[in-house]
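A short write-up of the structure that comes next.
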Amino acid sequence: MDQLAVSVTSIGLSHFLVLGVIMLGIGVVGVFLRRNVLITLMSIELMLNAGNLTLLAFARAQHDMRGQALAFLVIAVAAAEAAIGLAIVVGVFRNRRNTDLDDLNLLRY
Amino acid sequence: MSVTESFPLYLIVLLPFLGAALNLLFGRRMSNGLVSLIACGSVAGAALVATKAVWILAHDLGVKGALTDQLFKGDWITAGDLHIAAGLALDRLSAIMVLVVTWIALLIHIYATGYMEHEADYSRFFGYLNLFTGSMLILILGDSFPVTFVGWEGVGLCSYLLIGFWYSEDKNATAGRKAFIVNRIGDFGFLLGMCLLYTAIGTLKYSELSSHLMQLRMPLWQGWPTAYWVALLIFVGCAGKSAQIPLYVWLPDAMAGPTPVSALIHAATMVTAGVYVVARTHVIFDITPSAAQMTVAGIGAVTALMAATIGIVQKDFKRVLAYSTVSQLGFMFVGVGTGAYVAGIFHLMTHAFFKAGLFLGAGSVMHAMGGEGDITKMGGLGKHMPITRWTFFVYCLAIAGIVPFAGFFSKDAILAGAFASHFEMAPTASAFQQHMIEWYPKLLWGILALAALCTAFYMWRLYFTVFTGRFRGTPEQEHHLHESPSEMTIPLIVLAAGALLAGLIGVPEIMVHGLPESVEHVLTFFNSWLVPSVLPASPEPHEHAVEWGLMAAATLISLGGIGLAAALYRGGISRTAESAKEKLKPVYNLLFNKYYVDEFYDLIIVRPLRVLAKVLWKAADAVVVDGGLTKVGPAIVGFVAGLTRRIQSGDVQRYLVAVVVGTAGILFVSTYWLPYAGVQGEVAKQGRKVTLDLSRGRVPDGRLVYQIDWDGDGKYEIVNTRFTKGHVHEYQNPGTYKIVVEARDPQWGVVKHSNDFFGARVPMTVTVE
Amino acid sequence: MIGQLLSSSTAALGSVLGLLAQVPTGQVQQVPADSLHPSWCPAWAFWILSGLTIAGALVTITRRNLIGAVMALVATFFGLAGIYAMLSAHFLAAIQILVYAGAIMVLFVFVIMVLNREEEDPWALRSPFAKALGTGALVYLLVRLGEVIIGGNPPPMARGGNPPTDFGSVAAMGDYFFTKFLFPFEAVSILLVIAVIGAVVLARTSVKPTSVHDLPYADQPHGPQKTISATEAEAESPAAHGGH
């Protein structure tokens, strides 16, 4: 086995990117795995954060503030999206009495 | 040669079309008065221009002179060697036709403003009528076959449109269709004749026909010269247009159209187009007189007799006149068929006058009778409609051929020409045939004489039944009887004058011997106008006695017919007539049912076509086209859609699975697959020489950079090559070697070794002796 | 329980971070030229924070209890905030805690209170085909990731040296937002207004509540009743409450 490209003591850009990827993967698995729509929304927040992490890592690596500005905007938009998403969830599931994603198949052929 | 001069002839054609365009496009919004003004005005304009043109032709140009014009500059059709210009020409023959057509058309337009007064589709009628006039003028003025053909088709179309004018009634639409289809058969013959002519002489202009007689005399088929076949084919077209056997069946049915249409199209103009074309192209017919002309004359004569006999027993006013038209056209064709072209054209002209008048009179009567056309329901109309009655009287005298009315001179000219014509058989023909050919002219004359007898009879039967005696219709109709308005009676009067006087310009030579020079000049004007410049002289009996004898015979025949009609029908349908009808019932039925010709055609032509159409519809169309072609497509689409539809499950999580799978796929293909695929290779061994081929992986050449290690020692012998083929290595020592290939994608920087975990599927080892 | 563990550890970590954030104090250590972490932050901080993040994420997606899941997510966010701080994004680290952990998660908690149902079978995707496909794709992605970690590809681009000292500070962010990124800034503010209004519109009841039973309260596991007249509601409520 070759030498690890990711060193333990020296934290480079790759570390942060890998962390981002792992978080993204966990978020994706979370969306797949659970039927509860709220868990799905939380997993989506996880994915957004992974993206943010990547942005910030690159911003730091390139010494460019724009990455951070963009991450800030992403947080704002994520907040808006969470609010709307939860409102939709509340509205839809008020009458259905369960929070089951499997029941939302009206767009089926 | 002929002198030609340019003249704006296009106006003659353009004005009626302009009127048609205005009336058809905007007529709905215009008042009746404006519509009729445009319609009559455009025809009047054309008539005036035509008169001016003929005036110039007569005075400034010589005997063979012609006025020429082109509808638009440059060639109309160019195809290979064929160049046809849309040319118009006015020579002495077309001068006569143009004058007849434009002035009679004008009279009928004026008549129609009164007749069609209460018609809802007023503007459409006049639009079509103008369209017809324009097309007829193109036909007459065309200087080559194609231009004439344009007019030919145009009048056919307008005939269809006008016959079926009241198309909401099935009968009318059917009649229009019948006319068009039967005409079409004739047109096909005309077209074939044109094509044959072109292949023979390479030109289609009338003026160039006489310079190509040599080619036309060449035998074509069965020993007959080209000219014969061309003439025959063109005659097929003329038979269709001018209602001769076997294509006359449309004309009686065409009476379903409004009466002005019958007057204009089926009496005075369109049906005469056939006669005109034969006269126009007489040089072709003259080349084989005994063949082409015999055919034409023979068919004309038989048609004349047949139609006349049918006309004796018809009960519908217009139908009698229709059969009369067919019969008179037969006369004209005998005229042009026996070489008496002048006679044929003369009869055309006089016939236009009195036949148009007869139809307009019929319209007047039907107008008074509230649309009723059955003569057995009429009677005694004379006292209610004097103008109509006395003009009708004049027309009947004219058509019966009583001196000095027009019909006498023209019919006499035809009869004399028929009697005196001369045909010859080829010397190789049998004696019987030679004998027959001598009697042929006399036979023609006999048939025509019989037809003339019938003509006089049925026309006067018509007159007496309708205008004398007691009224046989319903009381309401009797109350309604009145003379027609002046728009309708004035044309009647004008035409009656024409029927009276028109004959007086074609008086035969022998009748004007002793008269002063100028009078003689006027009286024989027609003949001298056309002969010998445009048409050859008509055959004439050699002895004067024969000629006088023929004239006397003709007059006797006519008087006999009138007398018979008077005896049977004067003062109403007499009992003698009724009992004769009963006694000769089978003959009566045969004649009344038009010799069952329509039924015959239905049986052998129409029904098989219908069956064929049905088969094609049900089998070919429904099964093959609908089932096969139009259903196959949707079936395939449906099938595929059914399969792919299931991707859309409505389940969001599944969609995300799809997204992730897609992402993985993209990642794989863009960064991994290329080098991976590029490492697949094939090894070919030849002794100690080994060839490596890396192109199996469907990676295009030059995409990847390869490094090849031939003996597995870790050092790459071939470095940084983009070639996939042609790597050859000769091993020095025998043994088993492992070939290691490294493929690098320069774009993504991804590297693959062939002995990686995910490397080449087939380890590349080679054993060399 | 795990949630509580996480929460307490988060609190501890928060204090540690606060210590660390006192910038000039603390020894300056030598760091390789292409490394990213600020000189005042030890390398092992990264491993702890990332461990926390990943653990929190895993717990979030596997907990049946929704509140537990939310708490784990909060822990994740705290870890992330620390990592942001490591990346010299100080302002964003603070914002992350304020907005994400503080506001969004609270919102989630509210909604969970409203719709408090545990699902019978929490695991979705019963179709084996979809499971196989998804798993396969994920495994593939992880393998590629492993390649990156284990393999010897050239490292991604990074500029050497330290960034300017005000990198990631409030002043620098403000500078960007009020000059170059002014339009997105304003647009996002409008977006937030729309989101607020939208949330209100979407979540309100369309039926005017005529009785107390129409209001979506958590103590009514069956959701709001149909609109019934007041008298019937009165008659029904003891029965409903009695049976409950």
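The values are calculated or read from the model by the stated rules, or taken from the named source; none is laboratory data. These figures come from a predicted structure and were not determined experimentally. So basically every Cβ, Gly included, is an ideal-geometry build from the backbone, and we count neighbours across all protein chains shown.
A few points about this structure:
- For region B:309-364, residues that are surrounded by fewer than 24 Cβ atoms within 10 Å (Cβ to Cβ) and either among the β-branched types (Val, Ile, Thr) or touching a strand residue (DSSP E or B) at 6+ places or on another chain (Cβ under 7 Å) (or both) total 5.
- Any pair with Cβ under 6 angstrom, 6 or more apart, that starts in region C:160-181 at a residue that is at the interface with chain A (Cβ under 9 Å from one of its Cβ atoms) and ends at one that is among the aromatic types (Phe, Trp, Tyr) and surrounded by 13 or more Cβ atoms within 10 Å (Cβ to Cβ): C:MET173/C:PHE91; C:PHE177/C:PHE185
- Candidates B:ALA301, B:ALA308, filtered to the one that is among the aliphatic types (A, V, I, L, M), in a helix (DSSP H, G or I), more than 13 Å from B:CYS238 (Cβ to Cβ) and more than 26 Å from the chain's Cα centre (by Cα): B:ALA308
- Residues being under 30 Å from B:GLY344 (Cα atoms) and free of Cβ contacts under 8 Å to residues at least 40 places away in the same chain - total across region B:464-507: 2
- Residues in region A:27-56 that are part of a helix (DSSP H, G or I), surrounded by fewer than 23 Cβ atoms within 10 Å (Cβ to Cβ) and within 7 Å of chain C (Cβ to nearest Cβ): A:VAL29, A:LEU33, A:LEU38.
- Subset of region B:672-720 [loosely packed, with under 14 Cβ neighbours inside 10 Å, of a type in the set (Gly, Ala, Ser) and at positive phi]: B:GLY687, B:GLY702, B:GLY714
- Test: residue in region C:61-68 that is more than 8 Å from chain A (Cβ to nearest Cβ) and within 11 Å of the chain's Cα centre (by Cα): no
- Looking at B:VAL659, B:VAL624, just one residue is facing another protein chain (nearest Cβ under 9 Å) and either closer than 30 Å to A:VAL29 by Cα or within 60 Å of the chain's Cα centre (by Cα) (or both), and that residue is B:VAL659.
- Among the residues making up region B:19-33, a single one is closer than 18 Å to B:LEU106 by Cα and out of contact with any Ser or Thr (no Cβ under 9 Å at 6 or more places or on another chain): B:ALA21.
- Take the conditions (1) modelled with pLDDT of 90 or more; (2) over 21 Å from B:ALA352 (Cα atoms); B:ALA89 misses just one of them, which is (1).
- Members of region C:86-98 found to be more than 7 Å from every other protein chain (Cβ to nearest Cβ) and surrounded by fewer than 24 Cβ atoms within 10 Å (Cβ to Cβ), listed by number: C:HIS90, C:PHE91, C:ALA93, C:ALA94, C:ILE97, C:LEU98
- Selected residue (only one of B:ILE104, B:ILE201 is under 30 Å from B:PRO219 (Cβ atoms) and of a type in the set (Val, Ile, Thr)): B:ILE201
- Verdict on B:VAL669 being closer than 30 Å to B:VAL741 by Cβ, touching a strand residue (DSSP E or B) at 6+ places or on another chain (Cβ under 8 Å) and surrounded by 11 or more Cβ atoms within 10 Å (Cβ to Cβ): no
- Residues being assigned to a strand (DSSP E or B), farther than 20 Å from B:THR721 by Cα and of a type in the set (D, E, K, R) - total across region B:654-703: 1
- On inspection, C:LEU58 passes the criterion of being at pLDDT 90 or above, surrounded by fewer than 22 Cβ atoms within 10 Å (Cβ to Cβ), closer than 23 Å to A:ALA57 by Cα and facing chain A (nearest Cβ under 9 Å).
- Count of residues meeting criterion [touching a Gly at 6+ places or on another chain (Cβ under 9 Å) and over 18 Å from B:MET332 (Cα atoms)] in region B:209-249: 5
- Within region C:173-191, the set of residues being in a helix (DSSP H, G or I) and surrounded by 15 or more Cβ atoms within 10 Å (Cβ to Cβ) comprises C:MET173, C:ASP175, C:TYR176, C:PHE177, C:PRO184, C:PHE185, C:VAL188, C:LEU191.
- Hits in region B:662-706 - residues which are more than 14 Å from every other protein chain (Cβ to nearest Cβ) and among the hydrophobic types (A, V, I, L, M, F, W, C): B:LEU674, B:ALA677, B:VAL679, B:VAL683, B:ALA684, B:VAL690, B:LEU692, B:LEU694, B:VAL699, B:LEU704, B:VAL705
- Taken together, the criteria exclude A:PHE16 from residues that are within 17 Å of B:VAL652 (Cα to Cα) and aromatic (Phe, Trp, Tyr).
- When restricted to residues that are surrounded by fewer than 18 Cβ atoms within 10 Å (Cβ to Cβ) and not hydrophobic (A, V, I, L, M, F, W, C), region B:149-181 contains 7.
- Residue selected from region B:266-287 under the condition of a type in the set (Ser, Thr, Tyr) and either at pLDDT below 90 or not in a helix (DSSP H, G or I) (or both), by the criterion surrounded by the fewest Cβ atoms within 10 Å (Cβ to Cβ): B:THR281
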